[in-house]
1. Looking only at segment 290-313, count every residue that is more than 22 Å from ASN263 (Cβ to Cβ) and open to solvent by 60 Å² or more (accessible area, probe 1.4 Å) and tell me the total.
2. Determine whether segment 505-512 contains at least one residue that is under 19 Å from TYR393 (Cβ atoms) and either out of contact with any strand residue (DSSP E or B) (no Cβ under 9 Å at 6 or more places or on another chain) or surrounded by fewer than 18 Cβ atoms within 10 Å (Cβ to Cβ) (or both).
3. With respect to LEU182, determine if the residue is within 15 Å of GLY338 (Cβ to Cβ) and open to solvent by 30 Å² or more (accessible area, probe 1.4 Å).
4. Restricting to segment 360-370, and then to whatever is under 12 Å from ALA216 (Cα atoms) and among the hydroxyl-bearing types (Ser, Thr, Tyr), can you tell me which residue is farthest from the chain's Cα centre (by Cα)?
5. Are any of the residues in segment 415-428 under 20 Å from the mean Cα position of the chain (by Cα), of a type outside the set (Val, Ile, Thr), within 22 Å of ASN276 (Cα to Cα) and in a helix (DSSP H, G or I)?
6. Please go through (1) in a helix (DSSP H, G or I); (2) touching an Asp or Glu at 6+ places or on another chain (Cβ under 7 Å); (3) of a type in the set (A, V, I, L, M, F, W, C) for PHE399 and return the number of the only condition it doesn't satisfy.
7. Would it be correct to say that PHE399 is under 30 Å from ALA323 (Cα atoms) and modelled with pLDDT under 90?
Amino acid sequence: MACASSCRPLFLSSPFPSSSSPSSCSLTTPFLFSLSPIKPSSKPIITTLTANSGSFPVLSVGGGCDGGNNNNNDDGPFGSDSWRWNDDSSSSSSHSYPFLLFLSSLLACSCHSQLSSALARTNGETEEDDVVWEVRGSKWTKLIPNFSDDAFVVSNGISNLTKLLSLSTLWGQCRDLVMRLLLPEGFPDSVTSDYLDYSLWRGVQGVASQVSGVLATQALLYAVGLGKGAIPTAAAINWVLKDGIGYLSKIMLSKYGRHFDVNPKGWRLFADLLENAAFGLEILTPSFPHLFVLIGAIAGAGRSAATLIQAATRSCFYAGFAAQRNFAEVIAKGEAQGMISKSIGIGLGIALANCIGSSTSFALASFGVVTWIHMYCNLKSYQSIQLRTLNPYRASLVFSEYLLSGQAPSIKEVNAEEPLFPAVPFLNLLSANRERSVVLSSEAKQAASEIELRLQLGSKLSDIVSNKEDVLALFNLYKDEGYVLTEQEGKFCVVLKESCSPQDMLKSLFQVNYLYWLERNAGIESRGASNDCRQGGRLQISLEYVQREFNHVKIDSESVGWVTDGLIARPLPNRIRPVYTTV
């Protein structure tokens, strides 16, 4: 056997090792991939190819690699699925070692011709069963066996080059490149289902916003006289004054950050309205050039406030999109999408500005059309978002539906029903024509709206109790809770203790919902704090129910996707520190 001395033994690890593998076998030297063939349509599985650094068990492939196998199986080592280790550990004789080495050499030599034929078939004749695919995201790389290195290498035959240059392959590569640049890795599984709708609508509104910005900038330049030979220094001074005064709005608005967390959709739409109003003022400046600094400062203040609100609420949306906790990547891809929208918008804005020229009337007419497109796309994008956190309205709707049906409603149903401006009902007419939920009951919707109006988080204790008896009764009932709840003049007043957490506030809102249903369905009215805290009183009954059922409603809500780690709210700053004494 001349080839036995020139051919290296090929040792493979089975993708499915059996329990009979020798314990003395030490597989320590990794190769690239297993020779286990997989098809592109199968589930991507990458296994490892290893070499034996200890004893030398024989690899049995099918019925043998020689031409005289007893089952006429000439598929070769890469066409059979019956790879296995033959355990020779039962033989204690050391004289079997040379025999095993000899058989391994025979195996390598007999397989060499089949490996060569496999390499020769890379021009398009290779069967799918002889192919190994390296999977990375949505990219499949074809690998072929290389006998000299005991490994698989990337196929680079002529046929593969032809396929690479084909039109369909180029289109696929371009599509993959765009997806890698603009969408989070692992899309669509790495984000939630509403991410794509939001991104598409945001892309169109970004184009419209940039068109408005170009028109407004052109009008400002005409107002300071740059088109009429004005001194550039004077224009620069006016520009600095305009922006400097406008920046003050960011400082004044920053203290309302918690409000943005509670209702980010409504605040974001308000910011878009504010931004468009600022653009409109700037377009009007050519008609009032002597008021340039004043109008520019007001417009700059509006744009600065809009920028602050947009930045604050954007994080709320992106946090909800990150289904795999990939916050940074979702934000980065969102910025990339925004840059593309802005680039397209700038180009369209420049073309439109050249057509309009210095005509203020044409600029205002174009601005009106673009603003309508901008606001409509914004409205659709915010309606597509499915927030998973619980603010007072969403929590009340979830709890009310749970009390009625015993099940927590879905995220999509609740978000579709939530008004964008809960505190300003007439502004909700903007979205009145959208399709309403048929799953949520009308009683639950009415309860959520009424509870949000009657809820008062962070009430002052001195405003809701007037005698020592009520104080002692409330403190005794809620001694194990982080809050004190009672009703005063139709308001559900929640007094927060110093140790109160967002979880305690969520629990208090669940009790508020149960109190509301006791009032509506059981007719149990308030008879004063001390009477309501006694055995059989409405506060005592509701608290006992909450202590028993709160964990159940949390588990049911979490099962449909809600985040129940606390209530997203803006309570009043009042807190109490009760001191309990032993009588």
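1. 4
2. Yes: segment 505-512 contains one or more residues that are under 19 Å from TYR393 (Cβ atoms) and either out of contact with any strand residue (DSSP E or B) (no Cβ under 9 Å at 6 or more places or on another chain) or surrounded by fewer than 18 Cβ atoms within 10 Å (Cβ to Cβ) (or both).
3. Criteria met by LEU182.
4. THR360
5. For segment 415-428, residues under 20 Å from the mean Cα position of the chain (by Cα), of a type outside the set (Val, Ile, Thr), within 22 Å of ASN276 (Cα to Cα) and in a helix (DSSP H, G or I): absent.
6. (2)
7. Judged against the criteria, PHE399 is not a match.
Here's the yes/no breakdown for (1) over 22 Å from ALA395 (Cβ atoms); (2) over 39 Å from the mean Cα position of the chain (by Cα); (3) buried (at least 23 other Cβ atoms within 10 Å of the Cβ):
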| position | (1), (2), (3) |
| --- | --- |
| LEU453 | no, no, no |
| LEU461 | yes, yes, no |
| ASN467 | yes, yes, no |
| LEU472 | yes, yes, no |
| PHE475 | yes, yes, no |
| THR486 | no, no, yes |
| VAL495 | no, no, yes |
| GLN503 | no, no, no |
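The values are calculated or read from the model by the stated rules, or taken from the named source; none is laboratory data. Because the structure is predicted, anything quoted here is derived from the model rather than measured. Positions of Cβ are backbone-derived with ideal geometry, glycine not excepted, and every protein chain shown enters the neighbour counts. Remember, those area values only see protein heavy atoms, side chains included, never the ligands or the DNA or RNA. Shrake-Rupley method; radii C 1.70, N 1.55, O 1.52, S 1.80 Å.
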